[in-house]
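We did not get these values from a lab; they are worked out from the coordinates using the rules stated. Since this is a predicted model, take the numbers as computed values, not measurements. Here the Cβ is made from the backbone with ideal geometry for all residues, glycine too, and neighbour counts use every protein chain on show.
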Amino acid sequence: MKKTEADIRYAVLSELFPVAHSKSQKTTLSIIEGAIKCYGTYGIEGATYEKIAKFAKVSRPLVQHYFKSREALFELTVKYIRVQFQQLVVDFMKRETGVRDQLEAYIRSTFTWVEKYPHHGRVWILFYFECSVNKKMKALNTELVLLGRSRIQALIEAGNQQGIFKCANAAESAYMIQTMITGALVSVGTETHPASHREFAQRIVDDCMTRLGATRTIAASVGTSREQSLRP
């Protein structure tokens, strides 16, 4: 069953705050959501406590009470975005039964995410910059990246076992596919694309499947279908 916005928000709240969802925790979450919109509008430096408070619809002193430093707020914001993105990915993957379709869903979910939550995508690009100048953020990103990569690798290995993929090095291919997804995210967020997100996503999917030696079903002109290798 497809998750509603309330379902996703509750799942995020549960992961960030495993204990009971107190009023204080819900206020924290509201501030984080306000901060996301603020970062996505003004950038990190332009996101003052006062502006964040306006987006969160709370008082400025309340924001400072919950977050003594702007770095702490940004870090928790990044974790929130990541958890919400993972909830979306899992939701997409659960709709599919085959390994190949699940991997495609994983790849496409990035494009759906930036369309559905544009501020999240902008904040994530800001996060990439912070990783280049902040060791703590870089370590956090490395941790998050490894989690995603292990999921991709597991799908590739399962596909190899089922004969769907012909990949000699699942770990290396997982790394390269993840790098392609990250590059696509940056490209979508920082460039004007002549192609739609859906078309761009299809190109990324095709390139990834080519690397894995996968096959795809292509509709023939007579209305039937045939298997065609993605290899050139």
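Radius of gyration (Cα atoms) of segment 120-174, expressed as a multiple of 2.2 N^0.38 Å: 1.49.
Judged by the mean number of other Cβ atoms found within 10 Å, the most tightly packed of the peptides 53-60, 27-34 leads the ranking 27-34, 53-60. Length, then width, then depth: along the principal axes, the Cα atoms of segment 52-159 run 52, 30, 19 Å. The eigenvalues of the Cα gyration tensor, multiplied by 5 and square-rooted, give segment 5-229 an equivalent ellipsoid with semi-axes of 37, 18, 17 Å from largest to smallest. With the simple spin-label model, which puts each label point 7 Å out from Cα in the Cβ direction, the Val133 to Asn169 separation comes to 3.5 nm.
Taking the fewest neighbouring Cβ atoms within 10 Å as the starting point, the ordered list for Thr182, Thr77 is Thr182, Thr77. The residues Asp91, Asp206, when put in order of fewest to most other Cβ atoms within 10 Å, stand as Asp206, Asp91. Legend: ranking of residues Lys79, Lys37 from fewest to most surrounding C-beta atoms inside 10 Å; resulting order Lys79, Lys37. Over segment 42-103, the alpha carbon radius of gyration divided by the compact-protein estimate 2.2 N^0.38 Å works out to 1.62.
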